[in-house]
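Comments concern the structure below.
The values are calculated or read from the model by the stated rules, or taken from the named source; none is laboratory data. Because the structure is a prediction, the values reported are computed rather than measured. Cβ sites come from the backbone with ideal geometry, for glycine too, and all protein chains shown count toward neighbours. For accessibility, only protein heavy atoms count, side chains too; no ligands or nucleic acids. Shrake-Rupley method; radii C 1.70, N 1.55, O 1.52, S 1.80 Å.
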Amino acid sequence: MTNLYLNKGKDESLRRFHPWVFSGAVHHIDGNPKEGDLVQVHASDGSFIAIGHWQIGSIAVRVLTFENEPINREFWVRKLRAAYDVRKTIGVADNEHNSTYRLVHGEGDSLPGLVIDMYGQTAVMQAHSVGMHVCRMEIAEALKDVMGDQLQNIYYKSETTLPYKADLGQENGFILGQTPEDIATENGLRFHIDWLKGQKTGFFVDQRDNRSLVEQYSKGRNVLNMFCYTGGFSVYAMRGGARLVHSVDSSQKAVDLVNANVELNFPGDKRHAAFAEDAFKFLDQMTESYDLVILDPPAFAKHRDAVRHAIKGYTKLNARAMEKIPAGSLLFTFSCSQAISKEQFRMAVFTAATLAHRQVRILHQLHQPADHPVNIYHPEGEYLKGLVLYVE
Ligand code: SAH
């Protein structure tokens, strides 16, 4: 294995188990690793620190272990089993009412660069680093060992998540089994999961708990689900007894998906309608009075440079919604931009409330669910935040 040596003093964050080595911290490397190779990281005095995947870019190594141990099938089995145990503890796995959950959440499960979402008997696996891509078959074998017969298929979906410059030409496809069955359950509700063409791994698993909260508040309300995608919030609102539910997404494909998912759970139910429309245009032109509104836009800031622009976007969107909704309305508003902090998001919503000149109470402060854990040594893993507001 290639040995890598850090500059003096650059081992401190690693000694605190932060899982990244930045390229500026590297003093020298014995040898010439290829992107994705395993490297052994040493302090400037030569002492062992960690083993990880070598990368090209500002993060040079993503750490797999702080022990000097082999990275083999047994290693992956141990890591995946630990992740699975956490999901059983939370209650999302081995649950007859729920077959949709995140089994592996990258750094949050000490597996940087790897995401695995479970949808019934199918795992959708996504590599965000060349190292995890190289190990994909070994990880797939280990996953089969851990999950046994519950796992029949693994769909590998890394076409758009692998570093672009690595130019691997990887195509999406099954690496174990194959199935046309695309239905999974979440808290007893059923959803078509479009892992073949859908965004992310096919579903936004991270909103499960927040959808349940919407369900609790929906009774008798007129619900507007903005940026609905597969319509998770809409289906929960219907089960919660909403008077009507309108779903909006700029993509016609998303509108088709939400309609299919509503039909799957509430066939022929006339309370629901979906519109393919730009969110801002819809808010400007809407005539219906909605007293529960969900705003779950795509990440407005994908990079640090885009932060200021994104904050303006969140402010404008929230102000527009607050201007329109009647007194006594509930607003569920989210940001999934990792680059925007909880404080920045709250400030954007504060500014929106000021612009709309409304009295606003914060009822709940929301975040990602327990199957998207945050590694305490890697606070960067916290990305989803939401506020539930009571607007007077
Ligand atoms: N709330 C969803 C996830 C939202 S993903 C869930 O719970 O699953 C963001 C969605 O916003 C995407 O489906 C995308 O098509 C849509 N979108 C992006 N820009 C938009 C715009 N300007 N107006 C309406 N929808 C938009």
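Considering only residues in region 51-86 that are touching a Pro at 6+ places or on another chain (Cβ under 6 Å) and of a type outside the set (Lys, Arg), the one that is nearest to residue 2 (Cα to Cα) turns out to be 54. Scoring residue 358 on the criteria (1) in contact with a helix residue (DSSP H, G or I) (Cβ under 8 Å, 6 or more places away or on another chain); (2) touching a residue at least 40 places away in the same chain (Cβ under 8 Å) leaves a single failure, condition (2).
Here is a list: 213, 264, 257. Which entry is modelled with pLDDT of 95 or more, in contact with a strand residue (DSSP E or B) (Cβ under 6 Å, 6 or more places away or on another chain) and among the hydrophobic types (A, V, I, L, M, F, W, C)?
Details: 213 fails: in contact with a strand residue (DSSP E or B) (Cβ under 6 Å, 6 or more places away or on another chain); 257 fails: in contact with a strand residue (DSSP E or B) (Cβ under 6 Å, 6 or more places away or on another chain).
Exactly one of 213, 264, 257 is modelled with pLDDT of 95 or more, in contact with a strand residue (DSSP E or B) (Cβ under 6 Å, 6 or more places away or on another chain) and among the hydrophobic types (A, V, I, L, M, F, W, C), namely 264.
From the residues in region 378-392 that are of a type in the set (D, E, K, R) and outside any strand (DSSP E or B), which one is surrounded by the fewest Cβ atoms within 10 Å (Cβ to Cβ)? Spell out the reasoning first.
We begin by selecting, within region 378-392, every residue of a type in the set (D, E, K, R); these are 380, 382, 385, 392.
Remaining after also requiring outside any strand (DSSP E or B): 380, 382, 392.
Working: 380: 14, 382: 17, 392: 11.
By that ranking, first place goes to 392.
Residues in region 285-301 that are assigned to a loop (DSSP other than H, G, I, E, B), away from the ligand (no atom under 11 Å from the Cβ), open to solvent by less than 80 Å² (accessible area, probe 1.4 Å) and closer than 23 Å to residue 359 by Cα: 286, 288, 289, 290, 291. Counting only residues that are of a type in the set (Asp, Glu) and over 34 Å from the mean Cα position of the chain (by Cα), region 1-30 holds 1 of them.
For region 270-284, state whether one or more residues are away from the ligand (no atom under 15 Å from the Cβ) and of a type in the set (A, V, I, L, M, F, W, C). Taking every residue of region 270-284 in turn, at least one turns out to be away from the ligand (no atom under 15 Å from the Cβ) and of a type in the set (A, V, I, L, M, F, W, C). Residues in region 106-127 that are over 19 Å from residue 21 (Cα atoms), open to solvent by 10 Å² or more (accessible area, probe 1.4 Å) and in contact with a helix residue (DSSP H, G or I) (Cβ under 8 Å, 6 or more places away or on another chain): 115, 121. Can you find, within region 302-325, the residue that is nearest to residue 219 (Cα to Cα) among those that are touching a Leu at 6+ places or on another chain (Cβ under 7 Å) and within 13 Å of the ligand (Cβ to nearest atom)? Ranking the qualifying residues of region 302-325, first place goes to 321. Restricting attention to region 302-331 and to residues that are closer than 30 Å to residue 380 by Cα and among the hydroxyl-bearing types (Ser, Thr, Tyr), the residue that is surrounded by the fewest Cβ atoms within 10 Å (Cβ to Cβ) turns out to be 315.
Restricting attention to region 354-374, which residues are within 25 Å of residue 114 (Cβ to Cβ) and not in a strand (DSSP E or B)? Of everything in region 354-374, those that are within 25 Å of residue 114 (Cβ to Cβ) and not in a strand (DSSP E or B) turn out to be 368, 369, 370, 371, 372, 373, 374. With a requirement of 3 or more residues that are loosely packed, with under 14 Cβ neighbours inside 10 Å, the strands (runs of 3 or more DSSP E) lying completely within region 1-99 that satisfy it span 26-30.
Would you confirm, using the coordinates I've provided, whether residue 339 is at pLDDT below 95, small (Gly, Ala, Ser) and either part of a helix (DSSP H, G or I) or under 30 Å from residue 112 (Cα atoms) (or both)? Here the answer is yes, as residue 339 does meet what is asked. Here 374, 360 are screened, and the one residue that is modelled with pLDDT of 95 or more, of a type in the set (A, V, I, L, M, F, W, C) and touching a Leu at 6+ places or on another chain (Cβ under 6 Å) is 360.
Only residues that are more than 12 Å from the ligand (Cβ to nearest atom) and in contact with a strand residue (DSSP E or B) (Cβ under 7 Å, 6 or more places away or on another chain) were counted in region 193-210, giving 1. Selection within region 212-232: residues that are open to solvent by 10 Å² or more (accessible area, probe 1.4 Å) and touching a Gly at 6+ places or on another chain (Cβ under 6 Å). The member of this set that is farthest from the ligand (Cβ to nearest atom) is 219.
Within region 233-240, does at least one residue satisfy the condition of being open to solvent by less than 10 Å² (accessible area, probe 1.4 Å), away from the ligand (no atom under 13 Å from the Cβ) and at pLDDT 95 or above? Checked against the condition, which is being open to solvent by less than 10 Å² (accessible area, probe 1.4 Å), away from the ligand (no atom under 13 Å from the Cβ) and at pLDDT 95 or above, region 233-240 yields at least one hit. Taking the criterion of being surrounded by fewer than 23 Cβ atoms within 10 Å (Cβ to Cβ) and near the ligand (Cβ under 9 Å from one of its atoms), the residues of region 241-269 that qualify are 250, 251, 253, 254. Among the candidates 118, 125, 132, the residue that is in contact with a Phe, Trp or Tyr (Cβ under 6 Å, 6 or more places away or on another chain) and within 20 Å of residue 72 (Cα to Cα) is uniquely 125.
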